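Each remark here refers to the structure printed beneath this line.
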Amino acid sequence: MKFCLRKLRSVVSLAVILLPISADAEDTQTYQLTDGQTVAPLERFQECDACPEMIVMPLGSFMMGASEGESWSSIWDVEGKGPVAYEGPDGLYNIPHEGPQHEVLMDTPYAMGVNEVTHAEWMACVRDGGCSHNPDHSVVVFRRGDVALGPDHPAIDVSLLDIQEYVAWLNARVGVAVYRLPTEAEWEYAARAGTTTRFAQGDVLTSDQANFSGDTTAHNRGRPFPNLLSRAVPVPVDELDAANPWGLRHMSGNVNEITISCFVKPHLGLPTSSAYLDHATQGCDRYVAKGGSYNWAMDALRPASRFYGPPEDRRRGFLGFRLIRIYPTEGPFS
């Protein structure tokens, strides 16, 4: 059952609160909305005109981080100090900060945004006075200069600090503090969508499935990689056959997505999603971003791949975000 809750202009906004009805089994768990409707895992909802469309994530567990020899690229760290990968079996590479691989139990129900938050959604916040930053919605393309993007492209030129304003505005619209950025564990679980391959769509991606750089991919592999495009710009969130098995679009590629998790290496190895949230609330000077970007090689689009930046970092052109929707809770993200 798909449904859409629209905010009535003449009435106080309707807040949707997900409440567990049954947790006997993952495939029968449902959540009740305030108007009596129920949603089950993988069903969609939108609770206000300004709200992103969400998909309820099924609960379960997954192996977080990269498996041995998963990467095929020699990756340089973001500060340019040298390679952070070493060559493993069969010419594949292992990236220390992507491991160790460990099991994580998803013990907090949530819904994930179908798409990256768009420029149009961000500008609604700017026009309403909730967001103080009016981003530069263009990217620099070699030999073309600045290329302007449209309203359905991902919001870019925004930092974690900017996003906190957007989240506060959106929560005020629904009347309940339930939207926030995902933790790294919540993001990676949703991106993998129950799969164990290098990408949710398989061990390789096509340019029809994800927006990344074919030229950089071929360079990193050290040989031609046929039929891959280098678009050099983000694409609108509804373009390409970009959905993973759970219906989330552009979890690989297009723009790198900011999370609230602190970047540490190696992984903390925590056992539950709630433990990762507890660590995220501590604050830090470097935050994890996931998913890779339109101008990066295919290997950087793996769900296990990790990028980091400071909370004020906007990295115009390749950093964006999507939100999750959780229970009302106490704490820094309430």
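Data table
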| quantity | calculated |
| --- | --- |
| Some residue of segment 122-134 being in contact (Cβ under 8 Å) with a residue 24 or more places away in the chain and under 19 Å from the mean Cα position of the chain (by Cα) | yes |
| Failed item, numbered, when V255 is tested on (1) out of contact with any helix residue (DSSP H, G or I) (no Cβ under 7 Å at 6 or more places or on another chain); (2) surrounded by fewer than 18 Cβ atoms within 10 Å (Cβ to Cβ); (3) among the hydrophobic types (A, V, I, L, M, F, W, C) | (2) |
| Output for segment 234-245, where each listed residue is within 22 Å of Y189 (Cβ to Cβ) and open to solvent by less than 70 Å² (accessible area, probe 1.4 Å) | V237, A242, A243, N244 |
| Residue list for segment 93-110, restricted to those being within 16 Å of A275 (Cα to Cα) and either assigned to a strand (DSSP E or B) or free of Cβ contacts under 8 Å to residues at least 24 places away in the same chain (or both) | H102, E103, V104, L105 |
| 3 or more residues open to solvent by 20 Å² or more (accessible area, probe 1.4 Å): qualifying helices (runs of 4 or more DSSP H) within segment 140-233 | 160-174, 214-221 |
| From the options A190, A185, A172, residue that is aliphatic (A, V, I, L, M), more than 16 Å from E116 (Cβ to Cβ), touching a residue at least 40 places away in the same chain (Cβ under 8 Å) and in contact with a Phe, Trp or Tyr (Cβ under 8 Å, 6 or more places away or on another chain) | A185 |
| Segment 160-169 - residue that is out of contact with any Phe, Trp or Tyr (no Cβ under 6 Å at 6 or more places or on another chain) and not acidic (D, E) and, of those, nearest to E121 (Cα to Cα) | Y166 |
| Which listed residue, of D299, D285, is surrounded by fewer than 20 Cβ atoms within 10 Å (Cβ to Cβ) and over 21 Å from I55 (Cα atoms) | D285 |
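The values are calculated or read from the model by the stated rules, or taken from the named source; none is laboratory data. All of these numbers come straight from a predicted model, not from anything done at the bench. No Cβ is skipped: glycine too gets one built from the backbone with ideal geometry, and neighbour counts run over all protein chains shown. The protein model used for the area step is the full one, side chains on, heavy atoms only, and it has no ligands, DNA or RNA in it. Shrake-Rupley method; radii C 1.70, N 1.55, O 1.52, S 1.80 Å.
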